[in-house]
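The values are calculated or read from the model by the stated rules, or taken from the named source; none is laboratory data. Quantities reported herein were computed from a predicted structural model and do not represent experimental measurements. We place every Cβ from the backbone using ideal geometry, glycine too, and count neighbours over all the protein chains shown. Just so you know, the surface numbers come from the protein's heavy atoms only, side chains and all, with ligands and any DNA or RNA stripped out. Shrake-Rupley method; radii C 1.70, N 1.55, O 1.52, S 1.80 Å.
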Amino acid sequence: MLDRLRPDPVQLRVALPAGLAWGGAALLIGAPSLVPVVALVAAALAAVAILLLRRGRRSDTSRWGAPMAQTLLEHVALTLALLAAIAVAAGLGGARRWPPALDDAADRPAEMVLRTEETLHPGDQAPWSAVIVRLGGASADVPALVLDTRPDLDAAVPIGAEIALRARAVPAEPGEERAVLLDVLGDAVVASEPGGAAGAAHALREGFRAAAADLPGDGGMLLPGLAIGDTAGLDPALEEAMRVSALSHLTAVSGANCAVVVALIMLLGGALRLPRAARILLALAALGGFVVLVTPEPSVQRAAAMAALVLLALARGRPAGGLPMLGAAIALLLLFDPWLARSYAFALSVLATAGLLLLTGPLTALLSRILPTALAAGLAVPAAAQIACQPVLLLLDPVIPLYGVPANLLAAPAAPIATVVGLLGCLALPLLPNVGVALLWVAWAPAAWIGSVARTAEAAPSPSLPWLAGALGVLLFVLVAVAGLALLLGRHRRRERWYRALLGGSAGLLVLAVAVAAGGALGRAVTRPANWSIALCDIGQGDAVLLRSEGAVALVDTGPDPEPLADCLSELGIQRIDLLVLTHFDADHVDGTEAVLGRVDRVITGPPLEPDHHRLLEQLAAGGAAVGQGVSGDSGSLGGLDWLTLWPPQGGLGITEGNDLSLVLRFAPRAGEEGASVLLLGDLGELTQRLLLGRAPPGSIDVDVVKVAHHGSADQAPPLYAAASPSLALIGVGENSYGHPAPSILDELEALGTAVLRSDTDGLAVVSVEQGALRLWTERGG
C-alpha cells in the first residue's frame, strides 16, 4: 500500500517542477535585488538542461545511466524555465507596484483614486484592500492596503467602486501581497460605483446577505459563507468555533464550489442535448461569473484555474489528471501574480488539493480494512486535507485540532446541500424572491447543522493539542506525519531493515512530540522568572499588559476575548487585580473584561462615549470594583511603584475620537525601590503623541519600557519615542490585516537601540529587573 503514495512519474511531470518553482518564487519576491540575476541564471541553466535532454534523446540512454536520469533532467529543465519566467514576471510587476509617482506620495500626502477589492460596510473599521488606479493625474495599478480610515458610509460600497482620497504612501515589506500601505488624511469619498458584472454581483451578494440575516441562529450566519464565501455576517464566537473545529474551510470558496458550478452547467447542457463544445463554453462562462460573484481570493483563483484547465483538456479530448492540472494552475497563477507565492490562502488551497489527490486513496484503503468503504472514504478525505495543510496552519496557530476529522465527517453530508441550494437561492432571489427565500430556508437546515457541529467540537474537552511554534514545530509535524504514514501504509514491508529503522525513529519522534506537547507548560513554568514585574499577554490583536510590585497587580486593558486573557492570568498565577486600567473602549482593549469580573478592586478608564461603555463599567462596579474616569494629573501607587496619568487632559482639548482619548500612564519605582519605569501609550495617534510630548511633566516621558501605541501602527510620532529612549518596547499584536506592526515604527525602535517584544511572534513575554538590568523571557524563545 505504501506504493500508492508514489504517483505515476507522468503525473509529476508538471506538478513537481511547479511546486519547486513555487518555493523558489516565495524566496525570490522577498529579495527584489536578486530578481534580474535569478532570471538570467535560471534561463541559462534551463537552456543547458534542454540541450542536454535533446542530445541524450538522440543517443543511447545508457549514457545517462537510466531513463530515470532523463526524467530528472526534464524536471530540472522545467523547474528552471518556470523560475526564470516567474522572475521576469516579478521584475515587471515590481516596477508596476512602485511607480515613480509614489515617491512623492511617500514624502507628502498625495491625491489618488482607489478601486476597492472588497465590499466596505458602514461601521467597519478594519483596513481594506484596494488598487491605486490614478495617482498624480496618471493611471496606475498598485495593490494597496488602506490603514485605519474608511469613508463615511450610508450604504455598502461594492467591490470595484472608485474612491478618491488623500493619503501618504509607505512601502510594504518585500514579498507582501500589498505593495503599499496608505495612511489616509482627511475625507475619502466614493467617486463612482461599479457597473456591469461587478455591479450585478454586488447586488446579488447584498441581497443574499440581507435575506440570510433574516434566518435564525448559526445557520443564517453561515449560509452566505457556505454558498458564496461571504463571511462578513459571522459573529466572532461562531468564527472561532469553526476555526477550532477545523471547519473554517467550508466558508472559503474552494475547488468543491467550482466543481459544483461546472457540474451543474454540464448536467444542464446534457439535459438540453447541447454538444460538448457548447457545454464546455457555457461552463467556462458560468465559472467566470461565479468568480466575479464570490470575488477572486487566492483560493478561488486556484480552484477556478484548475477547473478551467480541466474543461480545456476535455474540450481537446485529452486526459485531465489531477496532479498535472494542479501543477499547471500553480504555474499559470504565479506567472500572472508572483506575489501569490507567499499567500497563506493560496498555500492552504494548493496543499489541501494535493493532499486529497495523493493521500485519500491510500487512507481509504487502509481504513476500509476495519470500516465500511463509504465511512472509510468519509474519514480519509478530511484526514488527507488536514495532514497536508497542518504544517502551514501551525505557522498561523501552533495547535492541532483534535476533533477536526470527526467534525468534518459529520459536516460533510450537509456542506454540499447548503452550498448548492444556497447558491441557487442567491441566484433566484432577484428574479423569483419567494422561490429564493424558500431555497434559503432549505439550505438553512444543513448550515445550522454545521454550526452545531462546530460549537459542539469547540465545547468538547481539550479541542486542541498545543504544539511547538515556528519552523521547528513544522519540521517536527512533517517528520511525524511522514513516518506515521509510512508505518500505517507499509505493513507488508515490516521485515525490511529500512522499515524497522523507520519504526524505531517514528516511535522516538512520537514520544518527542508527546513530550513537547505535554511538557510545554511545565517547561515554561520552570524557566520563566518567578520575580517578573511586567508581562505582555498573548491575547491576539489587542492589548493586555500586567504590572506587578510587592504582590500588587495592575492590568492595563483586557484584549478582545476573555478566554486568552483568562489563560494568561492562570499561567501567571494571578487571582486578583488591584488596579484595572481600561485605556479606551475599543473592542480589542475591553472585550476580554469578562475574565476579571468580580476580581478587581479599582478601575480607571478613558472617557466612556457609548451606552455599552457605561454598561461595562456598571458590571465592574457590581463585581465590587471602585470605578472612576482618569484624567491627566491623577496619580496613585501599586506596591513599590508610583503611577501618574499623563493623558487625556481635563476637557480633552475638544478631541472626540476614542483612540486619541486613550489613558496614558507612567509607572515608575519609588526612590530606593528596584524596578522598571513603564510608559503605556494606549492607541494614541501621531498628533496626540506630539501633544502629549509637549504637555507632559519634565522627565515623565523618559522610561525603561514603552508599550507602543496602537499595536505598532504607522501613525506614530518619532520624537516621542526618541524622548522616551526606552531599552525595551512591547507591542500587543496578533494576526491582522492592518499591517501592524508597521515597518516604520520597527525601524525607528531599531535606530534607537530598543529591543522589541511582540506577542504575535514571542507569545507570552515577561520582564524582570535584576541588579538594575532588564531580564527578558518569552514563551517561544525562553
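Can you tell me which residue in region 190-224 is surrounded by the most Cβ atoms within 10 Å (Cβ to Cβ), limited to those that are small (Gly, Ala, Ser) and in a strand (DSSP E or B)? Let's see the steps before the verdict.
Within region 190-224, the subset small (Gly, Ala, Ser) is 191-192, 195-201, 203, 207, 210-213, 217, 219-220.
Add one more test, that the residue is in a strand (DSSP E or B), and what stays is 191-192.
Working: Ala191: 14, Ser192: 12.
Here the residue is Ala191.
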Original post:
Mind checking whether some residue in region 607-615 is surrounded by fewer than 19 Cβ atoms within 10 Å (Cβ to Cβ), over 37 Å from the mean Cα position of the chain (by Cα) and not small (Gly, Ala, Ser)?
Top reply: no
Original post:
Which pairs do you get when a residue that is open to solvent by 40 Å² or more (accessible area, probe 1.4 Å), found in region 354-376, comes within reach of a residue that is outside any helix (DSSP H, G or I), reach meaning Cβ atoms under 9 angstrom, with the pair 6+ apart or on two chains?
Top reply: Leu357/Pro7; Leu357/Gly321; Leu358/Pro7; Leu375/Ser368
Original post:
So how many residues does region 288-299 have that are over 16 Å from Val420 (Cβ atoms) and crowded, with 24+ Cβ neighbours inside 10 Å?
Top reply: 1
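Does Ala535 meet the test of being in contact with a strand residue (DSSP E or B) (Cβ under 7 Å, 6 or more places away or on another chain) and either loosely packed, with under 14 Cβ neighbours inside 10 Å or among the small types (Gly, Ala, Ser) (or both)? Steps first, answer last, please.
On the way: in contact with a strand residue (DSSP E or B) (Cβ under 7 Å, 6 or more places away or on another chain): yes; either loosely packed, with under 14 Cβ neighbours inside 10 Å or among the small types (Gly, Ala, Ser) (or both): yes.
Yes, satisfied.
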Subject >> Any pair with Cβ under 8 angstrom, 6 or more apart, that starts in region 231-250 at a residue that is acidic (Asp, Glu) and ends at one that is part of a helix (DSSP H, G or I) and open to solvent by less than 60 Å² (accessible area, probe 1.4 Å) >> reply: Asp235/Met221; Glu239/Ser248; Glu240/Glu458
Original post:
Looking at region 736-773, which of its residues are on the phi > 0 side of the Ramachandran plot and buried (at least 17 other Cβ atoms within 10 Å of the Cβ)?
Top reply: Gly739, Gly763
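Hey, among Asp660, Asp642, which residue is touching a Ser or Thr at 6+ places or on another chain (Cβ under 8 Å) and either assigned to a helix (DSSP H, G or I) or modelled with pLDDT of 95 or more (or both)?
On the way: Asp642 fails: either assigned to a helix (DSSP H, G or I) or modelled with pLDDT of 95 or more (or both).
It is Asp660.
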Original post:
Residue check, Ala69 against (1) modelled with pLDDT of 75 or more; (2) assigned to a helix (DSSP H, G or I), all met but one. Which one?
Top reply: (1)
Original post:
Among the numbered criteria (1) over 28 Å from Glu735 (Cα atoms); (2) in contact with a Pro (Cβ under 8 Å, 6 or more places away or on another chain), which single criterion is violated by Ala345?
Top reply: (1)
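Within the group Leu440, Leu410, which residue is open to solvent by 30 Å² or more (accessible area, probe 1.4 Å), of a type in the set (A, V, I, L, M, F, W, C) and in contact (Cβ under 8 Å) with a residue 40 or more places away in the chain?
Numbers: Leu440 fails: open to solvent by 30 Å² or more (accessible area, probe 1.4 Å).
On inspection, the qualifying residue turns out to be Leu410.
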**OP:** Return the residue satisfying two criteria in turn: it lies in region 703-732 and is part of a helix (DSSP H, G or I) and touching a Pro at 6+ places or on another chain (Cβ under 8 Å), and of such residues it is surrounded by the most Cβ atoms within 10 Å (Cβ to Cβ).
**Re:** Gly712
Original post:
Regarding Ala87, is this residue buried (at least 16 other Cβ atoms within 10 Å of the Cβ), modelled with pLDDT of 75 or more, under 19 Å from Pro17 (Cβ atoms) and not aromatic (Phe, Trp, Tyr)?
Top reply: yes
**OP:** Please go through region 580-603 and pick out each residue that is open to solvent by 10 Å² or more (accessible area, probe 1.4 Å) and closer than 23 Å to Gly551 by Cβ.
**Re:** Ala595, Leu597, Gly598, Arg599, Asp601, Arg602
**OP:** Answer yes or no: is there a residue in region 386-404 that is crowded, with 21+ Cβ neighbours inside 10 Å and under 30 Å from Arg96 (Cβ atoms).
**Re:** no
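Among the candidates Ala320, Ala285, single out the residue that is of a type outside the set (Phe, Trp, Tyr), open to solvent by 30 Å² or more (accessible area, probe 1.4 Å), free of Cβ contacts under 8 Å to residues at least 12 places away in the same chain and assigned to a helix (DSSP H, G or I). Give the steps one after another, and end with the answer.
On the way: Ala320 fails: assigned to a helix (DSSP H, G or I).
Exactly one of Ala320, Ala285 is of a type outside the set (Phe, Trp, Tyr), open to solvent by 30 Å² or more (accessible area, probe 1.4 Å), free of Cβ contacts under 8 Å to residues at least 12 places away in the same chain and assigned to a helix (DSSP H, G or I), namely Ala285.
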**OP:** For Leu185, state whether it is touching a residue at least 60 places away in the same chain (Cβ under 8 Å), more than 19 Å from Leu423 (Cβ to Cβ), open to solvent by 30 Å² or more (accessible area, probe 1.4 Å) and out of contact with any Gly (no Cβ under 7 Å at 6 or more places or on another chain).
**Re:** yes
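Output the residues belonging to region 240-258 that are farther than 18 Å from Leu348 by Cα and surrounded by fewer than 21 Cβ atoms within 10 Å (Cβ to Cβ).
Filtering region 240-258 for residues farther than 18 Å from Leu348 by Cα gives 240-241.
Passing the criteria: only Glu240.
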